[in-house]
Amino acid sequence: MTDPDIKITSTKGKYFKFTKELKSFLNNDPAAKAYTKSVEEKVFVLFEKKQKIAKLQGVDSNFTKVVPLDSTIIAGRMPAPATNELLVGVSMANDLSYMLSGNNYEVFQLLVPKPGSGLITDPRQAFQVKYFLPVGIYQTTPDHDQVYLYTSLSAAQDLLNLPSNRVSSVSISVTQPEQITPLQKRLSQKFGKQLRIRNRKQLNRLLYRMLNTENLMVYFIFALILLLALFNIIGTIMMIIIDKSSNMKTLRVLGLSPAEIKKIFMIQGFSMTFMSGLAGIIFGLILIMIQKMWPYLYIPQTNMPYPVEFRWTNVLWVILTVIFMGGFATYVALLKLTEKNLTA
């Protein structure tokens, strides 16, 4: 939800210079739909008599074009550009006992250590302090909205004593998903020595590895369920063979060979499994489209719809699995159909 298609960070240190060359590249590359600059740093938050360690992220006006954070706001609005306004996560607001209201002018005090060297002689002079006015509350996942605060880019740079061209990251959204890898390669070829360019999967390597493993395990579990269900197909075909024994004698008299009669039952078994599988795929596609257009499943403890994605490769694997298991079930049932059964 909060990760872009491509993210550029520094290979050395926390910040890097947003150069005219990088700006020109992003403005002229057709694959780059939008980009946003941001500054991120840990801060010490004071509110009333409560305190908390958080991560402050200063973002520019293009941020919501790349990361749809505004869709997660449950009260208030996004911070306005060039202001000391603040967007607070719902979990952090609960921890600090903060409640947003129309007449609420309570401010958050944010502190960051001042850069320098040597011993601290006066603790009061060791921190840079700024006051921020909360104007909105967002809700994503507890791990995220318990940690992150959002403000304008200039306010964050002012708090950290950074010049306007120094940023922590540049996030990019692409026009089409298939353009992510080509754009990443072009960026790496031109700026890869100074900057680190990663896509969403590389930013969440462990998460995607876990999801892929989970996807594989779900496939095997449902394949096992399907295998158990196919015993009904075996029983059905065997009952049809018994019921149609007199018809098989007629077919034998008409000149059909045992192999041709078996072929009839084989086609019937394939038809039963294929039509059942096709009905299941259509029903699943309908559920996916409904989830995308009118979400009905949400991630627990959030107002975020559960993400779904349609892939033709998954449909192909399902069809192949159904055909293979249907053929196996039909073959097992036809083992009982011998020359003796066909002529008796």
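The values are calculated or read from the model by the stated rules, or taken from the named source; none is laboratory data. For clarity, every value in this text was computed on a predicted model and none was experimentally measured. Note: ideal-geometry Cβ built from the backbone for every residue, glycine included; neighbour counts use all protein chains shown.
Here are the numbers for the structure shown:
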quantity: Residue list for the range 199-239, filter: of a type in the set (S, T, N, Q) and part of a helix (DSSP H, G or I); calculated: Gln202, Asn212, Thr213, Asn215, Asn232, Thr236
quantity: Residue within the range 302-321 that is farther than 22 Å from Asn215 by Cα and not in a loop (DSSP other than H, G, I, E, B) present; calculated: no
quantity: Counted residues, the range 9-40 - those being out of contact with any helix residue (DSSP H, G or I) (no Cβ under 7 Å at 6 or more places or on another chain) and assigned to a strand (DSSP E or B); calculated: 6
quantity: Subset tally (residues that are crowded, with 17+ Cβ neighbours inside 10 Å, part of a helix (DSSP H, G or I) and touching a strand residue (DSSP E or B) at 6+ places or on another chain (Cβ under 6 Å)) for the range 184-198; calculated: 2
quantity: Test set (1) in the same structural domain as Asp60 (by TED's automatic domain parsing); (2) out of contact with any strand residue (DSSP E or B) (no Cβ under 9 Å at 6 or more places or on another chain); (3) in contact (Cβ under 8 Å) with a residue 12 or more places away in the chain - Leu230 fails condition number; calculated: (1)
quantity: Within the range 162-180, considering residues that are farther than 30 Å from Arg311 by Cα and part of a strand (DSSP E or B), the one farthest from the chain's Cα centre (by Cα); calculated: Arg166
quantity: Residue count for the range 51-89, restricted to those that are among the basic types (Lys, Arg), out of contact with any helix residue (DSSP H, G or I) (no Cβ under 7 Å at 6 or more places or on another chain) and free of Cβ contacts under 8 Å to residues at least 60 places away in the same chain; calculated: 1
